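Written out below as C-alpha cells is the structure these notes cover.
Please treat every number below as a calculation from the coordinates, not as lab data. As the structure is a computational prediction, the values presented were derived from the model and not from experiment. With ideal geometry, Cβ positions are generated from the backbone for all residues, glycine too; neighbour counts draw on all protein chains shown.
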Amino acid sequence: MRIVVINPNTTASMTAVIDSAARTVARPDAEIVSVTSTMGPASIESHYDEALAVPGVLAAIADHPGADGYLLACFGDPGLDAAREVAKAPVLGIAEAAMHLAAPLGRGFSIVTTAGRTIGRAADLVGHYGFTRSCRGIHACEIPVLELETDPEALAVITKMCAEALTTDGSDAVVLGCAGMAEFAAGIGDDVGAPVIDGIAAGVGMLTAMAAMGLRTGTRTGEFAPPPAKPYAGLLAPFAQ
C-alpha cells in the first residue's frame, strides 16, 4: 500500500521531520511518500495562511494519483473536505487522527499547540470532529512553527506546557498541535508520564488500517463526489475539474 503524506507548507526541512515520524510507525508493507507543497506559505499560522495553502494540497493530490491514502500534515487540517472530493482514496488530517486516537486513552485529553492565535481554529476542529466532551483544554507555547527546528529551548518549553496541561485540565493524554512537533512526541511522553499523540503517526496508522480493510471515502454520488465541472479563472484556471 502507498500512503502520501502532504506537508501543506513549502518548508522542505519540516517535510523531513514529518517523513521521519511517518516511517517510524509505518507497516512493513506500506510505502510512505512525503510531499512538500509547491505553492503557498512557508508555515501555516493564520486563517490567511491556511486558505492559501489549500491549492497546494489539492495539487499534491493530483500529482500523486493511485495512493491508498492521503494525510494532510498540518494541525488546521487545511482543505480536508475539498481533498476528499478530488482524492480516490481516504484523506485524513492530523488533528482529526490525533483526536480519534487520544479520546479512548482516558477521560479526556489536552491539546498543546504553537501560537495562541491558532487556539480558536483548534477549538473549531474539536467541535467539528465531535470531541467537545473529551478535549479538556487547548494551550499555546507561543513558539513560531519554523522555530521548532531552530530554538534550542523548544523541547523544554513544550514539555513543560504538556506537564502543566495534564495537571491543569485533569487530562489523561496530550495531543501535539503542530506537525513540526512530531519528533518530540515519544520523549515528552516519557518525561510527563502520559500518552503524547503526534498526528502524523496517528494518521499513518489509521490510513494503513483503512487501506488494509479496503475502505474508501463515502459515496461517489453524494457530498464528496467529484466537484462539478466548470471553468476557473486567473491563477486558479489549472484547478478546473
Hey, quick one: spin label on Arg23, modelled 7 Å out along Cα-Cβ, who in region 170-193 has an amide N within reach, i.e. under 20 Å? 179-187
Between Lys88 and Ala240, what FRET efficiency comes out of the Förster formula 1/(1 + (r/R0)^6) with R0 = 22 Å and r the beta carbon distance, rounded to 0.05? 0.75
Dividing the mean separation of Cα pairs under 8 Å (6+ apart) by the residue count of the chain yields a relative contact order in percent of 22
Connecting C-alpha atoms closer than 10 Å in a GNM of the chain, tell me which of Thr159, Thr113, Thr217 has the biggest fluctuation. Thr217
Taking the 0 to 90 degree range and rounding to the nearest ten, how far is the long axis of helix 199-212 tilted relative to the main principal axis of the chain, both from C-alpha atoms? 50
Percent relative contact order for region 96-198, counting Cα pairs under 8 Å at least six residues apart, stands at 35
Under unit Cβ charges (Lys, Arg +1; Asp, Glu -1), what dipole magnitude, rounded to 20 debye, does the chain have relative to its Cα centre? 840
Distance (nanometres) between label positions extended 7 Å along Cα→Cβ at Thr132 and Tyr232: 3.4
Residues Thr118, Thr10, Thr150 arranged by fewest to most Cβ contacts within 10 Å: Thr150, Thr10, Thr118
What full-extension length gain, to one decimal in nm, is calculated for His64 and Ala123 as 0.36 nm per residue of separation minus the Cα-Cα distance? 18.1 nm
Prolate/oblate/rounded call for the chain, Cα gyration tensor, a/c under 1.5 rounded: prolate
Output the antiparallel fraction of DSSP beta bridges having both residues in region 96-198, as a percent to the nearest 5. 0
Quick one: check the C-alpha center-to-center distance for region 31-107 versus region 183-223, whole angstrom. 12
Stretch Arg2-Glu164 to full length: gain in nm at 0.36 nm per residue minus the Cα-Cα span? 54.5 nm
